[in-house]
Amino acid sequence: MARSQLASRIERESLRWIAERVPWSTWDGTFTSGGNEANFSGLAIALAAHFPNAMQDGIASIGAQPVFYSSSEAHHSLDKSAGLLGLGRSALRRIAVNDRVQLDIAKLEAAISQDRTAGRRPFCIVATAGTTNSGAIDDIVALADVCHGHNLWLHVDGAYGAGAIFSNAHRDLVRGIERADSITIDPHKWLAMPFSAGVILTRHPGTLRSAFEVSTPYMPRFVGADPNVLDNFKISSQWSRRMNSLKFWLTLRVHGRAAYEELVDRQLCLARHFAEWVRSCEHFELAAPVGLPIVNVRVRGENESEVAAANQRVVDEVTRDGRQWISVTNVAGRSVIRVMVISYLTSERNLQQLQSALTTAAERITQKTLASSG
Ligand SMILES: Cc1ncc(COP(=O)(O)O)c(C=O)c1O
């Protein structure tokens, strides 16, 4: 079919299935290479919606510095996007998180009013549904209220956590997501697709076009062609593109949504059992609440630099033979060990193996520390 209409229609149907789960009846969207590009697209349409001349005439035509907000734990693709959109990375205001690792609403309100007083132009808030480090989900309802009050675009970076919309039982994890103006969701994260498959979706049809539409003399034109011909290049930063939707479309056609219901449920269950084990554990403690199947664990201790060193040694020991993969990261400035259940193959037995590897590593490290101080 001309202009890859079959691929475009399969992509469109896949997007509609996602939109129906949000649930949105009016929407526009496109598949991307992943969350990085989807977040870039979300910010581009937020900018174009707020400052209609910005795409054509540039940021300078706004006459003041546009700024946007996320939590300090939000993904680094926002920094990259701010630079690439010409806003400058300093346009991203990273707001501290509360003890649930969620963007702190009072601090956000204070930052918005400071920016306004200084003559800057807030245009967007990015809520994260599933932070990379902890799987924390911002309070989307509260952020939607703030956006409503200040006339700001709400983009939800649900690259990971927005997958919860495919579960009837756990959809509440991302309560309020339907109030977003745009959403990033990566089928290649919680929806178990191989790389790569990301999605940007908006409930404002036309906004993707206002950011990305161009006309080209070299695209074939067909006399009498259907005016509804789908041209993804008009709603995307991509020109040549892979058909990233096919695997997702086939998965839903073959296995159905119920398979995702089961996957989400099983992985949450595994992570919660693992967290229970940590709570009762002599060597480790939980370092953040468990929202999604990511568990942040710390070696018990008071001194931050000693705990950070111990966390690193534990991870080195556990990952040495290549049979399991966990990592060290920082959450709200504190070192944590990050354990994530992401493969649909992961079972209770794998987590029991991890528990015993963690225990052995902690015991070995404690013995070494005692030996060197004795
Ligand atoms: C919260 C979040 N947003 C965006 C991204 C970027 O996604 P991708 O790697 O698909 O470009 C990630 C990746 O880890 C992420 O965790």
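Overview of results
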| quantity | calculated |
| --- | --- |
| Members of region 228-248 that are surrounded by fewer than 17 Cβ atoms within 10 Å (Cβ to Cβ) and among the β-branched types (Val, Ile, Thr) | Val229 |
| Which listed residue, of Arg16, Arg12, is more than 16 Å from the ligand (Cβ to nearest atom), outside any loop (DSSP other than H, G, I, E, B), among the charged types (D, E, K, R) and in contact (Cβ under 8 Å) with a residue 60 or more places away in the chain | Arg12 |
| Any hit, region 322-329, residues being out of contact with any Cys (no Cβ under 6 Å at 6 or more places or on another chain), free of Cβ contacts under 8 Å to residues at least 12 places away in the same chain, more than 30 Å from Arg94 (Cα to Cα) and charged (D, E, K, R) | no |
| Filter result for Ala310 (within 26 Å of the chain's Cα centre (by Cα) and among the aliphatic types (A, V, I, L, M)) | no |
| Qualifying position, being at pLDDT below 95 and more than 20 Å from the chain's Cα centre (by Cα), among Arg323, Arg349 | Arg323 |
| Enumerated strands (runs of 3 or more DSSP E) restricted to region 269-374, each holding at least 2 residues that are closer than 28 Å to Ala169 by Cβ | 294-299, 334-340 |
| Residue within region 187-204 that is more than 15 Å from the ligand (Cβ to nearest atom) and surrounded by fewer than 21 Cβ atoms within 10 Å (Cβ to Cβ) present | yes |
| Elements of type helices (runs of 4 or more DSSP H) contained in region 76-156, each with 3 or more residues being surrounded by fewer than 20 Cβ atoms within 10 Å (Cβ to Cβ) and away from the ligand (no atom under 16 Å from the Cβ) | 105-117, 140-150 |
| Flag for Ala64 being in a loop (DSSP other than H, G, I, E, B), without any contact (Cβ under 8 Å) to a residue 60 or more places away in the chain and either of a type in the set (Gly, Ala, Ser) or within 15 Å of the ligand (Cβ to nearest atom) (or both) | yes |
| Residue within region 22-34 that is at negative phi, in contact (Cβ under 8 Å) with a residue 24 or more places away in the chain, part of a helix (DSSP H, G or I) and among the aliphatic types (A, V, I, L, M) present | no |
| Some residue of region 328-341 being polar (S, T, N, Q) and more than 19 Å from Ala74 (Cα to Cα) | no |
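The values are calculated or read from the model by the stated rules, or taken from the named source; none is laboratory data. Here the structure is a predicted model, which means the values were calculated and not measured. Positions of Cβ are backbone-derived with ideal geometry, glycine not excepted, and every protein chain shown enters the neighbour counts.
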